1. Tell me which residues, restricted to region 51-76, are within 23 Å of residue 11 (Cα to Cα) and either surrounded by 13 or more Cβ atoms within 10 Å (Cβ to Cβ) or at pLDDT below 85 (or both).
2. Restricting attention to region 77-88, which residues are closer than 11 Å to residue 55 by Cβ and assigned to a helix (DSSP H, G or I)?
3. Which ones in region 33-49 are closer than 19 Å to residue 66 by Cβ and loosely packed, with under 13 Cβ neighbours inside 10 Å?
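The values are calculated or read from the model by the stated rules, or taken from the named source; none is laboratory data. In this text the structure is predicted, and so the values were computed from the model without any measurement. As a convention, Cβ positions derive from the backbone with ideal geometry for all residues, glycine included, and neighbour counts pool all protein chains shown.
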C-alpha cells in the first residue's frame, strides 16, 4: 500500500545493467542499422577513428565497453555527454 512517505531504495549498477539489457540491445541494433546506411568510405573512416557516445544513457556504467566489445568498433564516451545534448538542441533552433 502506498503511504506517500519518502522511501530510499538502493540498487547496484549490475542490477540496473540487467534491467537495461533490452535498452542496450536496441541501441546496438540502431548503431548496426546506422552503419548499414552510411557510405562505405565514411564507415571505413568511422571504424578507423572512434564513435562518441553522448547523452545520459552513455553514463550508464559499462555501456560503452559493452557496445565496443559486441560491435567490434572503437567507441568513446564524450567528455561532457549532458552538455553535448544541450548544445545540439541549441544548434537545431
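1. Passing the criteria: 56, 57, 58, 59, 60, 61, 62, 63, 64, 66, 67.
2. Answer for region 77-88, where residues must be closer than 11 Å to residue 55 by Cβ and assigned to a helix (DSSP H, G or I): 81, 82, 83, 84, 85, 86, 88.
3. Listed by number, the residues that qualify are 33, 34.
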